[in-house]
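Every read-out reported here was derived from the displayed coordinates using simple, explicitly stated rules and does not represent laboratory data. In this text the structure is predicted, and so the values were computed from the model without any measurement. Cβ atoms come from the backbone with ideal geometry, glycine included; neighbour counts cover every protein chain shown.
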């Protein structure tokens, strides 16, 4: 990967998975709590609902136990809220792990054996209709999914810039906004979801400021972006060519309203129209890779 930029509000806590970070501070910080685990983002995919910190820790511990985790990497900001339990696996703080990796250097890295059937991600169902269940995603499905997304969207490293505020504990954020740019070497701009929720207009501003060409979000986010576009000025959305809409039912009226509001800012509806016809193929491929 050429570069990952993290756009964040002051005091925002971000999971760090990479070495080269360029922090960009915003002016506001909104409060937002998610159902799932920022401490173990590979283990939980949940709906965003208000939770107390105790509920958050309790539900995360259940997912960790069900996953049979042998080690938990935890954000130092969360560590103070976790009381060790007898059956817990060992916990290690992210900053300690990073410091140890720096001390060991590249000589201390041992590449895992290549195994297409080895577990890449343990993805839990949402839990909206029953208790969350873990689904084992092997490397072959993960790689096939990444290849399909790149082919369908035509992402070109060195030309495209992926912009995302999607949470990294959700598959759309983890796969599309983080793993895809890491695997292809495409530049990415990542922001915490709470920054988008505190001020949704930031999404459109980030697309303009960083020359974003690819982004994604659920249908509601495009409805919010439409309202923001109608009051924002001096945006340049001309580079934007891929707008993925998923994770919830897509309302054609929302899409049309978004396009209408984005055109005055340089958004090219012809580009979007061609992508819109291909989005279904992208998510169809994702579903196939999970089956």
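Results, tabulated for the structure shown:
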item	result
Strands (runs of 3 or more DSSP E) completely within the range 113-212 that count 1 or more residues being touching a residue at least 60 places away in the same chain (Cβ under 8 Å), over 17 Å from residue 242 (Cα atoms) and touching a strand residue (DSSP E or B) at 6+ places or on another chain (Cβ under 6 Å)	119-124, 134-138
Number of the exception - residue 132 against (1) touching a helix residue (DSSP H, G or I) at 6+ places or on another chain (Cβ under 9 Å); (2) crowded, with 19+ Cβ neighbours inside 10 Å; (3) farther than 27 Å from residue 68 by Cα	(3)
Which listed residue is surrounded by fewer than 23 Cβ atoms within 10 Å (Cβ to Cβ), outside any strand (DSSP E or B) and more than 14 Å from the chain's Cα centre (by Cα), from 247, 228	228
Qualifying positions in the range 85-112 - in contact (Cβ under 8 Å) with a residue 60 or more places away in the chain and closer than 28 Å to residue 141 by Cβ	94
